[in-house]
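What follows is a single structure, written as structure tokens, with notes after it.
Nothing in this text is a laboratory measurement; each read-out follows from the coordinates by a stated rule. As the structure is a prediction and not an experimental result, all values here were calculated from the model.
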Amino acid sequence: MLRILVCVSGGGTNLQAIMDEITNGTIHNTEIVKVISNNPNAYALTRAENAGIEAECIAPKDFDDRTEFNKAFLKAVDIKHPDLIVLAGFLVNIPTEMIQNYRNRMINIHPSLIPSFCGKGFYGLKVHESALNRGVKVTGATVHFVDVGTDTGPIILQKAVEVKPGDTPEALQKRVMEQAEWIILPKAIDLIANGKVQVKDEKVYIK
Ligand code: GRF
């Protein structure tokens, strides 16, 4: 059984997709051992509690400095012995020590087709605003392993989504979530849980 720990900061629709896919059996051999948020008001925490999953808020603002926060965050993760950490809309810089300790065992969902519209400052609606401003006809989402860069880790899955005339950032965000994110994140977890993902020379191979 793959033990996953999910980190969230917002509404938690990706977390919900993972929970639903575990419940309906599309994700096999996987259990969520904990949900951690940096934001006490994240609706994702409520989703976890409603599903009977252990949930905790660990907020940087509650610590004297980043070092103290990083220590507490890493401890709260390690104590659950996760096989995989899933960043599902988590807006916190991951401590370098955690990236090293969970090399090729931490994944992130990003709402664009990396390498487009990604990196520092590209999160939430900003990604979709940039896509619309550039006038791309296709965008999408990407699941990748987390490395020390921002959105630079080995890509596991991507799914394209059409941009429609008159799209607002909100409308595009909703379509990318529905038609890409909520599909490829559960699928990536299922592939990892069933030993189908191999990383070689910073590239991902699906068996
Ligand atoms: C998603 O668009 C995800 O790609 C991005 O943050 C958003 C989180 O949404 N990294 P939710 O909290 O899962 O609804």
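Segment 146-207: Rg/Rh from Cα coordinates, Kirkwood Rh? Don't jump to the answer; show the numbers that get you there.
Values: Rg = 14.3 Å, Rh = 13.4 Å.
That ratio equals 1.07.
Over segment 17-79, the ratio between the Cα radius of gyration and 2.2 N^0.38 Å evaluates to 1.29. Determine the distance separating the Cα centre of segment 33-58 from the Cα centre of segment 1-16; give it in Å without decimals. So the separation of the two Cα centres works out to 9 Å. Based on every Cα atom in the chain, Rg and the maximum pairwise Cα distance Dmax equal 16.3, 48 Å.
Can you give the helix-only mean residue ellipticity at 222 nm for the chain, where every DSSP H stretch with n ≥ 4 adds -39500 (n - 2.57) and the sum goes over all residues, rounded to the nearest 500 deg cm²/dmol? Show your work: numbers first, answer last.
Numbers: 7 runs with 68 residues, N = 207.
Computed ellipticity for the chain at 222 nm equals -9500 deg cm²/dmol.
Taking a quarter of the surface of the Cα convex hull of segment 103-156 gives a mean projected area of 3.5 nm². The DSSP beta bridges internal to the chain are antiparallel in roughly 45% of cases.
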